[in-house]
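Every number in this text was worked out from the coordinates using simple rules, so none of it is lab data. Keep in mind that this is a model prediction, so the values were computed, not measured. Positions of Cβ are backbone-derived with ideal geometry, glycine not excepted, and every protein chain shown enters the neighbour counts.
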Amino acid sequence: MKRVKPELSMTLRLTLSFVLVMALACSGVSWTLYRALSHELTWRDDSTLINRAEQIRQLLLDGAKAENLPLYFNRMMDTHQDILLIHSANAQTISVNHTGVEPSLLDPLPVLQKPALDTIAKRDVAGTELAAVRITALSYDQPVTITVARLTSERHSMLEQYRNNSIVICIIAILICSALSPLLIRRGLNAIHSLSRLTANIDSRGLSQPLDEKALPVELQPLGSALNIMRQKLADDFTRLNQFADDLAHELRTPVNILLGHNQVVLSKARSIDEYQQALANNIEELEGLSRLTENILFLARAEHNNILLKKEALSPADTIGNLIEFLEYEADEKNITFVTACEGTLQADRILLQRVLLNLLSNAVRYSPENAVIRIATQVKNSETVVEVSNPGSELDAPDRLFNRFWRGDNARHSSGYGLGLSMVKAIMALHSGSAGYRFADGYHIFSLRFPA
């Protein structure tokens, strides 16, 4: 048997998501700021290097002596990381170098007239970057070469400190997020817990009371709306179920009482064999009615749950209606009823269920039509659907909207044959065919319509 892994709680999943987002955000922000700071410090160092080389050249042009430049240099630059070399063909090389970098590393530098940021030479000295620039100048009309260089150890130290501080801050922020997220998430999920409690406490008596959607957070309002729709549907189903149970009990009580009373009368004294046989025949008749009632109720229950397999085929309504008219001919002749048909085309339906639907409508039309009546059956195609209409004369009904309800009969006296399930079965069968059944009264005729989709 395959073992099902338990699902992580919503609080844990949201916490992990928040921590992951926080980690990515902190990493992204820290990396972006670190790169920006590194570029800014590099630009400032390179700009300072070029400016100082230009300043020294200008000092020489203004008449300053080369041997006095270290004094200016010490004030202008950090001697722990800056280097100054002044080469002259007729004088001794002036050097200010307290960094420990061998001057020979600077010998390959090209001599520039006008240095720029992209012309600064970069060297690696024991893992530390060395930036240098070499320019030409005139000192008392004598050409000299000025070399200015800088080790970036201080800049690297500053960036390393910034990086370490950023990592510590990110770790602290992630830890705080990990600690606070479950508390905040649980507090945010209180509305779901409240909604769960309200849903769990619902019973059949409280289904008609909708939830207050406005009291829910915006994110849960669609769920509240869906729950209210579900509650309303359940309330309608319970109402129909209770009504169905009441009607069913009422319908079953009559034949059961008839059987009980009839048998009590028969057993009250000795009877002849013929009388016992007649009593048994009456019992069988009532039991057959109960059997048909049970079958119809089971059929309706299966139809409402779409638990009936349809075998759709292209059928000719003219042939089907013609066969049913022949079947009802004897009953119609007793009341001198005639049928007028105008049927054409085909429709997609289950043959047995179509016969059942049409037989219900035609038998009702014959039963409730006056003598010498004319029953009309017509088919036509409207808006990509086939419509079958059965019309019979009669008086207007008091409650036509209840025609398709279970156990409802128009006379309300319950003295007519049947149990009032015929039209409800017609409606259920049409729903199985993705169609519909309708009724209207016009010009003294009851008109029942069946709509089959193309």
Original post:
Considering every Cα-Cα pair within the stretch 172-287, what fraction, in whole percent, is farther apart than 22 Å?
Top reply: 64
Original post:
How would you rank 369-382, 110-123, highest first, on the average number of other Cβ atoms within 10 Å across their residues?
Top reply: 369-382, 110-123
**OP:** Rounded to the nearest 10 degrees, what's the angle between the helix 422-432 long axis and the longest principal axis of the chain, both from Cα atoms, 0 to 90?
**Re:** 30
Original post:
How far, in degrees from 0 to 90, does helix 221-267 lean away from the longest principal axis of the Cα atoms of the chain, to the nearest 10?
Top reply: 20
**OP:** For the stretch 219-304, count all C-alpha to C-alpha pairs, find those more than 22 Å apart, and express that count as a whole percent of the total.
**Re:** 53
Original post:
What is the gain in length, in nm to one decimal, between Val381 and Thr93 on full extension, counting 0.36 nm per residue of separation less the C-alpha to C-alpha distance?
Top reply: 92.5 nm
Subject >> Global size of the stretch 312-453 as Cα Rg and Dmax, reported in angstrom >> reply: 14.4, 42
**OP:** Check the straight Cα-Cα distances from Lys122 and name the lysines below 28 Å, setting aside those fewer than 8 residues away within the same chain.
**Re:** Lys114
Subject >> Cysteines having no other Cys beta carbon under 4.7 Å from their own, within the chain >> reply: Cys177, Cys343
**OP:** Over all alpha-carbon pairs in the stretch 16-97, figure out the percentage whose distance exceeds 18 Å.
**Re:** 59
Original post:
Averaged over all directions, how much area does the convex hull of the C-alpha atoms of the chain cover when projected, in nm²?
Top reply: 48.2
**OP:** Please work out how much length the chain gains when fully extended from Asp333 to Thr346, using 0.36 nm per residue of separation minus the C-alpha to C-alpha distance, in nm with one decimal.
**Re:** 1.8 nm
Original post:
Which of the peptides 44-53, 18-27, 272-281 is most tightly packed, and how do the rest follow, going by the mean number of other Cβ atoms within 10 Å of each residue?
Top reply: 44-53, 18-27, 272-281
**OP:** Check cross-link reach from Lys233 to the lysines: straight Cα distance under 24 Å, and skip same-chain residues fewer than eight apart.
**Re:** Lys214, Lys427
**OP:** Choose one of Ile321, Phe339, Tyr439: the residue whose Cα lies farthest towards the positive end of the charge dipole of the stretch 312-453 (beta-carbon charges +1 Lys, Arg; -1 Asp, Glu; about the Cα centre).
**Re:** Tyr439
